[in-house]
Amino acid sequence: MFDGERETTKRPGPGGVDGPPRIDPGVTAVALAVGVLLVLLGHALPWIGPTDGWNVLFGQAGAVGVLPPVFSVTSLLFGVVGSATGLLTRLWVVGWASAFGCGFSVITGVWAVWSRQTAGSGAPGPGPGLLLVMVAMVLMAIMWVRVAWFRPGGRANG
């Protein structure tokens, strides 16, 4: 190996040619799959008053502001679609995309919870579904960073 060259874990592709770097989540894959299920379950529970997450997503929740629907979109996009894609393809770059996406979703989730806590008198606060999805996204962001950071072969050689 040349100086400054990084060792990556690559799976041989067709014809024995090295493919892109891969991740091996191991047991964390099960925890991420449970996180995906928790995000889906959280969307079925009340988010704002009696309104569930699916109605918030599709704009049927009335005047709830822009932040809860944005969190709904980002949690489904990165928490469900991104995680499923990362677990199925096991590509290192998809793992990092899921890590950053889940992290971004955590930020939008904090804003969504904050917007419901400061909505004014008489407005419903954050419901159990919103809080469940928020916790699931925090845990998934941590797990994805860990999986992507410590891929087999290490971060760098040395």
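Residue check: residue 20 meets all listed conditions (1) under 22 Å from residue 97 (Cβ atoms); (2) modelled with pLDDT of 85 or more; (3) touching a helix residue (DSSP H, G or I) at 6+ places or on another chain (Cβ under 8 Å); (4) of a type outside the set (Gly, Ala, Ser) but one, namely (2). Being part of a helix (DSSP H, G or I), over 20 Å from residue 150 (Cα atoms) and β-branched (Val, Ile, Thr) is a property that residue 70 has.
When residues in segment 94-152 are screened for being part of a helix (DSSP H, G or I), of a type in the set (Lys, Arg) and over 16 Å from the mean Cα position of the chain (by Cα), 1 of them pass.
When every residue of segment 74-83 is checked against the conditions, none turns out to be assigned to a helix (DSSP H, G or I) and more than 14 Å from the chain's Cα centre (by Cα). Residues of segment 71-90 that are crowded, with 17+ Cβ neighbours inside 10 Å and in contact with a helix residue (DSSP H, G or I) (Cβ under 8 Å, 6 or more places away or on another chain): 71, 72, 74, 75, 76, 78, 79, 80, 82, 83, 86, 87. Residue 100 meets the conditions (1) under 30 Å from residue 48 (Cα atoms); (2) in contact (Cβ under 8 Å) with a residue 24 or more places away in the chain; (3) of a type in the set (Phe, Trp, Tyr) in every case but one. The failed one is (2).
Condition (residue is of a type in the set (Phe, Trp, Tyr) and not in a helix (DSSP H, G or I)) applied to segment 53-66: is it met by at least one residue? Within segment 53-66, one or more residues are of a type in the set (Phe, Trp, Tyr) and not in a helix (DSSP H, G or I). Reported count of residues in segment 37-55, each being among the hydroxyl-bearing types (Ser, Thr, Tyr) and surrounded by fewer than 16 Cβ atoms within 10 Å (Cβ to Cβ), is 0. Which of the residues belonging to segment 23-49 are modelled with pLDDT of 90 or more, closer than 16 Å to residue 130 by Cα and not β-branched (Val, Ile, Thr)? Passing the criteria: 35, 37, 38, 40, 41, 42, 43, 44, 45, 46, 47.
Selection of segment 92-103 for residues being buried (at least 17 other Cβ atoms within 10 Å of the Cβ), under 20 Å from residue 69 (Cα atoms) and among the hydrophobic types (A, V, I, L, M, F, W, C) yields only 102. Taking the criterion of being without any contact (Cβ under 8 Å) to a residue 40 or more places away in the chain, surrounded by fewer than 17 Cβ atoms within 10 Å (Cβ to Cβ) and among the aliphatic types (A, V, I, L, M), the residues of segment 104-130 that qualify are 107, 110, 123.
The values are calculated or read from the model by the stated rules, or taken from the named source; none is laboratory data. Keep in mind that what you see is a predicted model, and the values were worked out from it rather than measured. Cβ: placed from backbone, ideal geometry, glycine included. Neighbour counts: every protein chain shown.
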